[in-house]
Each structure stands twice: as structure tokens, then as C-alpha cells.
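Below you'll find the structure, written out as C-alpha cells, and then a few comments.
The values are calculated or read from the model by the stated rules, or taken from the named source; none is laboratory data. Computed from a prediction, not measured in an experiment: that's the story for all the values here. Cβ sites come from the backbone with ideal geometry, for glycine too, and all protein chains shown count toward neighbours. With ligands, DNA and RNA removed, areas are computed over all heavy atoms of the protein, side chains included. Shrake-Rupley method; radii C 1.70, N 1.55, O 1.52, S 1.80 Å.
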Amino acid sequence: MVTKSQFNEKVKEIKRSFYSLTEHLYLQSYVPEPKIDDDKVRFLFAMMYKRFSNTEAKMFTISALLLQAALDIHDEVSLHPVTSDKLRKNRQLTVLAGDYYLGLHYFLLAEKNHVSMIRMFSQSIQEVNESKIHLYDTTDLTFEDIEHTASQVESALMQNMAQFFDLPSWKKVIKDYFYLKKLVQEKSMWLEGKESILINSILRNRVPGEDKLQSIEKKLEDVKDQLLTNSERLETFNHFVIEHVDSLLGHSSFQEIAAEEG
């Protein structure tokens, strides 16, 4: 049995280990340290800690976080022509930092002979990159296509981990939760007058005459309801998901969210 405070402490331990691994004084004098999505840490560890030992669950979580960090920082690499040695060096070191995180990811798995996981993650990288390319041009995509593609970009690594470990209920919950999180973020962008692929797609498919904000809120509710329905299959983790959703949608002042077995 793991209490909330114990779970939170394990999450903090994972984050400390992650930053200890990625610490590189020279790189970080030019490139910001990688950012961790707390929700991804929590969902990853919650998904695995009952099935594996604490050590294995921690290792798998950190490995996935390293791969995500590599993808994120490679996204930051500018393709524009560089006009100075400083910019050229910054670009080179940004690429190097991503490769460094990727190398740490492979090292953790190879050290424990998890070759099949390495193959799964390699496939995930391909899926994420292909999905990102599709989102650059949504002209011929239906809303369902855009929704699926956005879901892949947000959580394909985690979904594929759930499938790899034969955890279909977790796969559905992860897909729904991180898509909902993306919708919340893009709604905020839209309210600030910024372009949003997802929101624009929702508005193109709204009922004629329907208020724009009402249409967006309805979509958020639909995704939330689907998520909560799927989370019921997680049994003792149902409350874990509910509290995350409440926090995401601003329904509570919850700060440290964690799983607790009843």
C-alpha cells in the first residue's frame, strides 16, 4: 500500500535522479536544462509501480523522460540560417544536448538488456515525428484525423509503453488525459488571440449558429467524460485520475497529486 505522501516522495526522487543524470555544466551554460512535465512523471510511475519493483518502475520512468527531453530539445533547433558564430554554436550544442539525453535513454535500457523496449521506443519516435509533420498541414485532414494526430504527438511514447506492458486501460486514460491537457492549453491560446490548430478545427465543425466558446467547452466536456469513463477501469487509480482532471480544469487547489490504494 502506497500513501499519497509516499507516492509524492517517489516522484520527487525520480525528478532528482533525472536532473542528476542530465546535469552537464558545459551544455547548460548554453542550453537551458530540460523541463519535466510533472503529469507525465506521475502517470508513468503510477502506471508501472504496481507491476514492477520500485527500482524498475523508476528506471522505466526516467528512460521515458529522457527520450521526451531529447524530442523536446530537438524541436527547439532553429532551421533558419545562422548569422553569427554564437548562434551557430548554440544550435550545435542544442542538437548535442538532445543527442546526449537520447544516449542516456538508450544506455539505461541497454544496461539492463531491455532490447525490445529500445525497439518500441524507436518506433514511438518515428510515430511522433510523423504526427508532427502531419500537423503542419491540416488542409485535407478531418477533425478526427487532427484529434488523433494531436493525441499521438502529446503521448505516443506513454501510450506505446502501456501497450508494451499490456495495460490497455492505462493506454486509453493516458491518451485522453494528455489530449484534454492539450485542449485546455490551446483554449487558453485561442482566448489570447493566438492561432490554434485544434481549436480552429473544432470551430470549423461546430453546429451552425453555435457560440464559439460554447462549442469549445462542449468538446472539452466530451473528452473529460470519456476520460473519466475509461478511468473507472483503473479501479484504485480512478481517484488519481479524477484529482488530476480537477486540478487541470481548475476545480481544486490541489498541488501534490498522487495515487493511493484503498
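What to note about this one:
- Scanning region 49-63 turns up no residue that is within 24 Å of Gln185 (Cβ to Cβ), free of Cβ contacts under 8 Å to residues at least 40 places away in the same chain and not basic (Lys, Arg).
- Test: residue in region 12-26 that is within 13 Å of the chain's Cα centre (by Cα), surrounded by 14 or more Cβ atoms within 10 Å (Cβ to Cβ) and over 20 Å from Asp166 (Cβ atoms): no
- Yes/no for Phe52 being aromatic (Phe, Trp, Tyr), farther than 30 Å from Leu87 by Cβ and open to solvent by 20 Å² or more (accessible area, probe 1.4 Å): yes
- In region 186-204, the residues that are closer than 13 Å to Ala150 by Cβ reach residues that are of a type in the set (D, E, K, R) and not in a helix (DSSP H, G or I) with C-beta atoms within less than 9 angstrom, at least six apart or across chains, in these pairs: Glu186/Lys194.
- Candidate set: region 31-66, residues that are among the hydroxyl-bearing types (Ser, Thr, Tyr) and outside any helix (DSSP H, G or I); chosen: the one modelled with the highest pLDDT: Ser53
- Whichever residue in region 217-238 is among the hydrophobic types (A, V, I, L, M, F, W, C) and more than 18 Å from Leu203 (Cα to Cα) and, among such residues, is most open to solvent (accessible area, probe 1.4 Å): Leu228
- Scanning region 179-229 for residues that are touching a Phe, Trp or Tyr at 6+ places or on another chain (Cβ under 8 Å) and more than 25 Å from Asp140 (Cβ to Cβ) returns a single hit, Leu227.
- Filter pass, Arg206 being in a loop (DSSP other than H, G, I, E, B), open to solvent by 50 Å² or more (accessible area, probe 1.4 Å) and not hydrophobic (A, V, I, L, M, F, W, C): yes
- In summary, helices (runs of 4 or more DSSP H) completely within region 68-186 and bearing 1 or more residues that are closer than 30 Å to Leu228 by Cβ and open to solvent by less than 30 Å² (accessible area, probe 1.4 Å) occur at 115-136, 143-164.
- Scope region 89-110; condition within 22 Å of the chain's Cα centre (by Cα) and free of Cβ contacts under 8 Å to residues at least 60 places away in the same chain; matching residues: Val95, Gly98, Asp99, Leu102, Gly103, His105, Tyr106, Phe107, Leu108, Leu109
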